[in-house]
Structures are given as structure tokens and as C-alpha cells.
Amino acid sequence: MTGPLPSFFDIPRDELTALVASWDFRSVHAARLWAYVYNSGAARYADMPELPARFRARLETEISLVLPRVAAETHSADGFTRKYLLALGDDRRIETVLMRFTGRVTACISSQAGCAMDCVFCATGQMGFARQLTPGEIVAQVIHIDRVLRPPAAGHRSLGDPRNPSPHARRERLRNVVLMGMGEPLHNYEAVMRAVDILRDQNGPAISARRITLSTVGVIPGIVRLADEARPIHLAVSLHAATQAERAALVPVAARWPLDALLEACCYYVKKQQRRIFFEWALIAGRNDTPEQAHAVGRLLHGLSAQVNLIPLNPTTGYDGVPSDRAAARHFQEILAEYDLPSTVRQRRGLDIAAGCGQLATASR
Ligand code: SAH
């Protein structure tokens with residue numbers, strides 16, 4: 001018995017070109033195929049009339065265009081957030097979220113099925129680790145969101161036809177990607193970076209590296225590697241506490257990658273990449289939202305080119321913390337400002353549809 005075909009979304013453009021050449025087809029056909037999938041949104045070889053029939057027949061036997069199946073879907077009441085539970089080839093479930101903020105559309109994608117990091121307040125952490133995602137499974141999430149926004153026209157299309165010509169539709173183009181779904185991206189480094197490079201391809205998904213943000217729990221070797229490589233994506237580090245003891249209580253892997261070494265790696269990243277770094281802070285009432293904590297963050301990060309993103313806690317069944325109120329969040333921000341630290345409070349989007357980290361997967365089990 002043969003296994004499933006390799007996925008189209010796993011293959012970078014240069015490898016596709018080489019593969020097509022190895023089958024004795026001209027490279028222009030590889031370029032057209034690439035454009036059909038990523039620009040026209042063609043979902044079947046039968047919808048690619050500008051490819052020779054013999055080439056399409058070969059593709060049918062070699063490469064799969066199948067995207068993950070939508071196993072569940074929820075839309076927020078305000079219409080700004082849509083959450084998808086996607087079923088992979090082996091029926092594992094991952095979450096992908098479409099978020100609309102003023103003037104921009106962002107896809108929040110997963111890097112692993114489950115997560116091994118065990119952060120106490122995180123629904124994905126509470127469910128444990130299942131497996132790594134392949135590059136194609138990471139890319140496919142972005143393509144899923146793109147096709148939700150710009151549905152491919154049914155039937156045969158020529159490559160020159162724009163996918164949706166109305167000005168409104170053009171505004172709705174997906175331009176931002178955050179690796180903030182399920183999983184720890186730096187615990188799946190190779191696959192994530194291969195996916196990022198496919199997403200950045202100018203003739204493909206064309207998501208600018210500067211519009212891709214990777215969020216890490218603080219995997220130090222991954223941060224150092226990211227600093228050393230020429231891939232200008234943004235980095236966000238989940239801080240959540242300003243002392244080693246308090247952080248280790250929320251983020252158990254802090255025992256392995258302690259706060260002082262983490263901060264050193266962050267400084268190295270900022271220096272090497274000449275880029276601001278983001279820190280995430282889940283605001284938990286009475287736990288890490290006090291003025292003392294805010295001053296501690298200020299002292300810790302003062303002088304570093306950084307921004308703090310405050311996220312009021314999304315309550316999860318496995319953790320009894322509650323989110324901070326607006327006044328506490330505002331006061332926290334004011335204190336950070338005294339240390340010249342810019343900050344944002346994450347808009348609480350999608351709470352009515354269980355769009356916080358791992359919550360849809362938990363709810364549908
Ligand atoms: N593994 C990565 C990505 C996780 S999800 C990381 O740890 O950064 C993105 C962010 O959401 C992280 O900062 C994570 O700590 C935070 N998060 C997870 N569960 C949350 C919850 N219930 N409420 C608020 N923030 C949460």
C-alpha cells in the first residue's frame with residue numbers, strides 16, 4: 001500500500017521547479033502551477049487550464065492539493081473573529097483563527113498539535129503534546145484563511161483573472177500572520193522556518209516577513225538561532241512574570257530556561273537583528289497585575305528596545321485565575337510608560353467563541 005501523497009504546501013518554489021524539471025516538463029509550468037495555487041486559489045488540477053493535460057495527469061499521481069478539513073467553525077458575534085478547528089490527515093485537530101482589526105486581517109496559526117510546554121493557564125498546555133506539524137500543515141492554515149477571504153472562482157479560470165475584483169474584497173487581503181496558535185514554534189524550529197520561507201515567497205503567499213510574528217515561551221537556543229539567521233520576522237516572548245520564581249510557577253519550562261539567561265538572549269536578538277522585541281504578559285487579577293509587578297517589569301526591561309503586549313487572561317477550565325479589569329490594565333500601562341516602555345492591551349476578541357489558545361479544541365473533545 002502506498003501512503004498519502006506529499007503535500008503541495010510542503011514544497012518551496014525552487015524545489016517544485018527542480019521536481020518538475022526532473023519529470024521533463026518546462027520550468028514555466030512549475031511557475032504557473034505555483035501561481036494557480038497561491039494567486040488564483042485553484043484547489044484542483046482540473047481548474048488549471050493553462051497547464052498541459054499530461055502535466056496535470058502527472059501531478060495527480062505525485063502531489064496533493066488537499067487542505068485540512070474544517071471540523072468545526074465559530075464566528076464571534078461582532079463578526080471580527082472566526083475560529084476554525086482543522087482536521088489534519090491523521091485526524092489530529094489544530095486551531096486557526098482569522099482576526100479583523102481596523103484595516104487589517106491577521107491569521108493566528110498553530111505550529112504543533114498540542115504543546116509540551118505546560119503553561120498553567122493555557123488550554124493547549126493543559127491538553128499536552130500530540131505531534132509536530134509539517135511545514136505544509138503550517139502553510140495550509142494561512143492558505144485556508146486566504147481562501148475564506150478570497151474564495152476561488154468555481155470552475156476553470158485563466159491565470160490572468162483577478163480572484164475578486166471588487167475594491168472591498170481587495171481590502172480584505174490577508175497580510176499578517178502570527179504564530180500564536182497551538183504549540184511552541186521554537187520547539188518545531190525547522191518546520192516553522194521552512195513554512196515561513198514559503199509564506200514569504202514573493203510569487204507565492206507573499207506575506208512580508210515584517211508582518212509575521214512568532215511567539216515563544218522562551219526557548220533560548222531557538223531565540224539565539226533566530227537572532228543569527230537572516231529572516232526578519234518579529235519575535236514575541238511570553239514573559240508573564242518578572243521574577244524567576246513567579247515565572248516558573250506559571251511557565252514551568254522557566255526552570256530549564258531561566259529568566260536572566262532569557263533576558264540575555266533577548267538582548268542578543270535585539271542587538272543582532274536591530275529590531276524591537278515584544279513581550280507578552282497575560283494579566284491575571286491579583287497575581288501579576290499589581291503596581292509592584294509593573295515596576296519590576298519596568299526595571300527588568302528598561303533600556304531594551306521592547307514593547308509589552310498585555311493580554312487579559314482568557315479563563316480556562318484547568319486554571320482558576322481571573323482576568324484583570326480595565327483599570328488594573330491601564331495602571332499597569334502607566335507604570336510601564338514611566339520606564340519608557342510602550343505597551344498595548346490586547347483587544348479582547350473572540351472570547352464568546354472560545355478563541356483563546358486551545359479552547360475550541362478543548363470544547364469539542
Ligand atoms: N508557545 C507560544 C505561543 C503560545 S500562544 C508562547 O508561549 O508564546 C500566544 C500567547 O498567548 C502566549 O503569550 C501565551 O502565554 C498566551 N496565552 C496562552 N493561554 C492564555 C490564556 N488563557 N490567557 C491569556 N493568554 C494566554
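Things to note:
- Within the assembled protein chains, the solvent-accessible surface assigned to W281 is about 0 Å², based on a 1.4 Å probe.
- By the helix-only formula, in which each DSSP H run with n ≥ 4 contributes -39500 (n - 2.57) and the sum is divided by residues, the chain has a 222 nm mean residue ellipticity of -10500 deg cm²/dmol.
- Nearest 10 degrees, 0 to 90: helix 135-149 Cα axis against the chain principal axis: 80
- Fraction of accessible area attributable to carbon and sulfur, the range 69-353 (%, probe 1.4 Å): 51
- With all protein chains kept in place, the per residue accessible area of the chain amounts to 44 square angstrom at a probe of 1.4 angstrom.
- Across the range 218-344, Cα pairs under 8 Å and at least six residues apart give a relative contact order of 25 percent.
- Exposure of S27 as accessible area (Å², to 10), given a probe of 1.4 Å and all protein chains: 70
- Bins of 10 Å from zero: percent of alpha-carbon pairs in the range 8-62: 25, 65, 10
- Computed extension length for R276-T61: 72.8 nm, one decimal, from 0.36 nm per residue of separation with the Cα-Cα distance subtracted.
- Computed from Cα positions, the angle between helix 326-338 and the longest principal axis of the chain comes to roughly 80 degrees.
- Angle of helix 13-22 to the longest C-alpha principal axis of the chain, folded into 0 to 90 degrees and rounded to 10: 30°.
- Rounded to 5, percent antiparallel among DSSP beta bridges of the chain: 50
- Computed on the chain, with alpha-carbon pairs under 8 angstrom and 6+ residues apart, the relative contact order is 16 percent.
- Accessible surface of the range 8-62 [probe 1.4 Å, protein heavy atoms]: carbon and sulfur percent: 50
- Just checking the listed ones, T81, T216, T17: in the Gaussian network model of the chain with Cα springs under 10 Å, the one fluctuating most is T17.
- Segment L19-D260, length gained on full extension (0.36 nm per residue, minus Cα span): 82.1 nm
- Working from the Cα coordinates of the range 32-107, the gyration tensor eigenvalues give, after taking √(5λ), semi-axes of 31, 17, 8 Å in decreasing order.
- Whole-Å distance, taken between Cα centres, linking the range 166-227 and the range 282-320: 24
The values are calculated or read from the model by the stated rules, or taken from the named source; none is laboratory data. These figures come from a predicted structure and were not determined experimentally. The accessibility values were calculated without ligands, DNA or RNA, using every heavy atom of the protein model including side chains. Shrake-Rupley method; radii C 1.70, N 1.55, O 1.52, S 1.80 Å.
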